[in-house]
């Protein structure tokens with residue numbers, strides 16, 4: 001009878017993990033370029049239960065009780081990289097990607113070490129030296145690997161291919177990096193991604209376009225996430241009721257049936 005307690009417990013732990021993921025998605029509903037996360041679950045391997053000392057079926061053979069499933073376990077998490085809706089801002093340095101790929105950023109940590117990170121958040125600005133940077137001050141990279149420095153006194157026009165024009169001249173082209181398999185990316189703080197071992201950079205998709213004056217918003221539906229949250233709460237409560245029912249049965253067995 002106690003197996004049911006563990007089955008209900010594993011279900012509650014799984015629902016709690018799902019709730020944590022959805023809560024994080026809702027917290028980032030207004031984060032530019034955020035890609036929603038999801039949680040998976042899987043069953044423990046089914047086991048064949050035996051009554052070890054019961055030899056009534058055949059001499060030397062334990063009696064079978066049937067298949068037992070010990071419950072559910074937390075599976076792997078995943079990230080949904082689908083395109084998020086775009087919103088109009090009209091700001092010169094707000095850029096949105098339509099298609100695959102990421103803006104390439106030189107991220108500098110607290111120790112002063114620089115490394116390349118990737119983001120869908122195109123909310124950029126110019127610093128005091130005229131470099132195109134994120135709002136955290138990290139440099140936006142150009143094709144060829146250099147930083148992008150502009151004249152703040154001239155108008156800036158950015159076309160769909162990422163070419164930056166000032167006057168009649170192309171000053172730089174924004175670097176867009178794409179990967180063969182997004183499963184080899186992991187989230188990094190401040191709404192960025194970084195590759196892990198096995199990641200392969202592939203050529204930029206020619207269909208990927210950059211839109212000036214727009215931002216890509218988070219690819220989550222608040223309504224859908226709220227509905228899922230309610231469903232998870234109900235499933236969690238079901239696990240609680242199962243445990244409470246077992247607890248009541250055990251109390252009767254110990255305190256009442258066990259009396260002489």
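No lab work stands behind these numbers, since they all come straight from the coordinates. Computed from a prediction, not measured in an experiment: that's the story for all the values here. Backbone-built Cβ (ideal geometry, glycine too); neighbour counts: all protein chains shown.
Points to keep in mind about this one:
- For the range 135-157 versus the range 192-260, the gap between their alpha-carbon centres in whole angstrom: 39 Å
- Using a simple spin-label model with pseudo-atoms 7 Å out from Cα toward Cβ, residue 87 and residue 247 lie 4.4 nm apart.
- Measuring r between the beta carbons of residue 129 and residue 183 and using R0 = 45 Å, the FRET efficiency lands at 0.75.
- Among the listed values (i) 130; (ii) 207; (iii) 167, the one matching volume of the Cα convex hull per residue in Å³ as calculated from this structure is (ii).
- Within the listed set 94, 155, 20, the residue fluctuating most in the Gaussian network model of the chain (springs between alpha-carbon atoms under 10 angstrom) is 155.
- Of 125, 245, 134, the one that fluctuates the most in a GNM where the chain has Cα springs shorter than 10 Å: 245
- Folded to 0 to 90 degrees: helix 222-255 orientation relative to the chain principal axis, Cα: 20 degrees
- Helix 3-27 axis, angle to the chain major axis (alpha carbon atoms, nearest 10°): 20 degrees
- Most mobile of 128, 39, 180 in a GNM of the chain (Cα contacts under 10 Å): 128
- Each residue, residue 136 and residue 149, gets one label point 7 Å from its Cα in the Cβ direction; the gap between the two is 2.5 nm.
- Residue 197/residue 76 FRET efficiency (R0 22 Å; Cβ-Cβ; nearest 0.05): 0.85
- Contour minus Cα-Cα distance for residue 256 and residue 163 (0.36 nm per residue): 25.4 nm
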